[in-house]
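Read-outs throughout are calculated quantities, based only on the coordinates presented, and are distinct from any laboratory measurement. Bear in mind the structure is a predicted one, so any value in this text is a computation, not a measurement. Here the Cβ is made from the backbone with ideal geometry for all residues, glycine too, and neighbour counts use every protein chain on show.
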Ligand code: F6P
C-alpha cells in the first residue's frame, strides 16, 4: 500500500477486445477527473507503454463512447512485454511520463503484466474484460453479455432458415479453451446438444440419439452448439449428417461475437468497475484486480486471482441437457 498523492493514472486495453471496454475507459477517465487526477490513455495495450504511445485525455475525449463496441485505445497482444526488459521499459515510460497508477482492462495475460509492473513499483489494478468469461477470480467479465446476445440474435436468424429447410445447424462459438459462452448461448437458443471442452461427449448418445428421437416426434430442425475449444466442428457436423441422414450446415460465428454496441449490463458493469479501479488506486492499493463476486464489485490481489481455477457451471449444463428434448 502507498499513500503518495496520485497525479496521473494511465489506462489501457490489452488482449482480445470486448464490448463495454469503452464504457470502462470512460468511467476511469471521468473518475480520475473528479479526483483532480490527469487520465492518460495508452494505445495498443502494453505496446503503447513500451513505446510511449500515449495521449492525455479529458472528460470530452470520452464523449459518446459508451454505446460503441471495440476500444478507442486499440488493443494488442504484446510479445515484448513478456520479457523482463519489456516490463522494465514499460515501467521506465511510466516513471518518465509521471504515470503513478495504471488501470489495465483485459484477461489473465493482461493481469500478469500488471503484476510484473507492480513489482517494478508502478501501482496497478486490472479490470476483467473478455467475451469468454473465463477469468477465474470473477463471476463476470465485461463483454460476455453482449457477445451472448449477439450470438443469440444470429442463431435465431439461422433457426428461421433451418426450420424452413428442416436441417440441422451446427454452430461454433468462441470461448478459447472454455465453454461458458457456448453453454449460456446454447441454453438460451434451446440447442439440442451443447459441446464444451470441459465435458466429454458421446456422439451417439448425446447428439445422434436425441436428434433421431426428436425427428421421430416431429421436431424438424436441430441446433448443435460447439465451443471452439472442442475443435473439429466441420468433422462433427459431417458425422452428424452421416449418422442421422439429415441435411446439416455449419456456421462459424467468429469475430462477429466480439463486436457491436454493448448491452445495458456490460455498460453498467464496466462503469462500476472503472470507477472502483480508480478508487482502489486512490486508496493506495496496487497489484489488484476488480472482480464481481456474490453480486458485489470487490477487489483481490492479482497473485490470488491468477491461482484460481474456474469450473463450468455444471448446473446450467444439466438444465440445458434436461430440457433439450
Ligand atoms: O479471448 C477472446 C477471443 O475472442 C477468444 O474467444 C478467441 O479464441 C480469441 O479471442 C481469438 O483471438 P484473435 O482475435 O486473436 O483471433
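Once both labels are positioned 7 Å from their Cα atoms along Cα-to-Cβ, the gap between residue 301 and residue 238 label points is 5.1 nm. Restricting the calculation to Cα atoms, segment 41-81 shows an Rg/Rh of 1.03 when the hydrodynamic-style radius is the Kirkwood one. A protection proxy built from the mean count of other Cβ atoms within 10 Å ranks the segments 236-246, 94-104, most packed first, as 94-104, 236-246. In units of the rule-of-thumb radius 2.2 N^0.38 Å, segment 213-325 shows an alpha carbon radius of gyration of 1.60. Mind running the shape call on segment 146-186? Use the C-alpha gyration tensor, a ≥ b ≥ c as the square roots of the eigenvalues: rounded below 1.5 for a/c, prolate if a/b tops b/c, oblate otherwise. Here segment 146-186 falls in the prolate category. Computed over the chain, the Cα gyration tensor eigenvalues convert (square root of 5λ each) into semi-axes of 42, 18, 16 Å, ordered from largest to smallest.
Taking label points 7 Å from Cα along the Cα-to-Cβ direction, residue 265 and residue 120 give a separation of 3.7 nm.
Taking the DSSP beta bridges with both ends in the chain, the antiparallel portion is around 20 percent. For the chain, a Gaussian network of Cα nodes joined below 10 Å ranks 263, 169, 61 by mean-square fluctuation, and the top entry is 61.
Note on segment 14-92 and segment 190-244: Cα centroid distance 42 Å, given to the nearest whole angstrom.
Computed from the alpha carbon atoms alone, the convex hull of segment 1-72 holds 101 Å³ per residue.
Taking the DSSP bridge list for segment 1-160 and keeping only pairs wholly inside it, about 15 percent are antiparallel.
With everything on Cα atoms, drop me the angle between helix 84-97 and the longest principal axis of the chain, reported from 0 to 90° to the nearest 10. With both axes taken from Cα atoms, the answer is about 50 degrees. Hydrodynamic radius of segment 64-116 by the Kirkwood approach over all distinct alpha-carbon pairs: 12.7 Å. Per-residue extension of 0.36 nm, minus the Cα-Cα distance of residue 139 and residue 33, leaves a gain of 35.2 nm for this segment. Size of segment 144-258 from its Cα atoms: along the principal axes, largest to smallest, the extents are 36, 29, 20 Å. Over segment 151-210, Cα pairs under 8 Å with separation of 6+ residues give a relative contact order of 27 percent.
The modelled label-to-label distance between residue 56 and residue 321, using points 7 Å beyond Cα along the C-beta direction, is 5.9 nm. Taking each residue as 0.36 nm, the span from residue 7 to residue 219 lengthens on full extension beyond its C-alpha to C-alpha distance by 70.0 nm.
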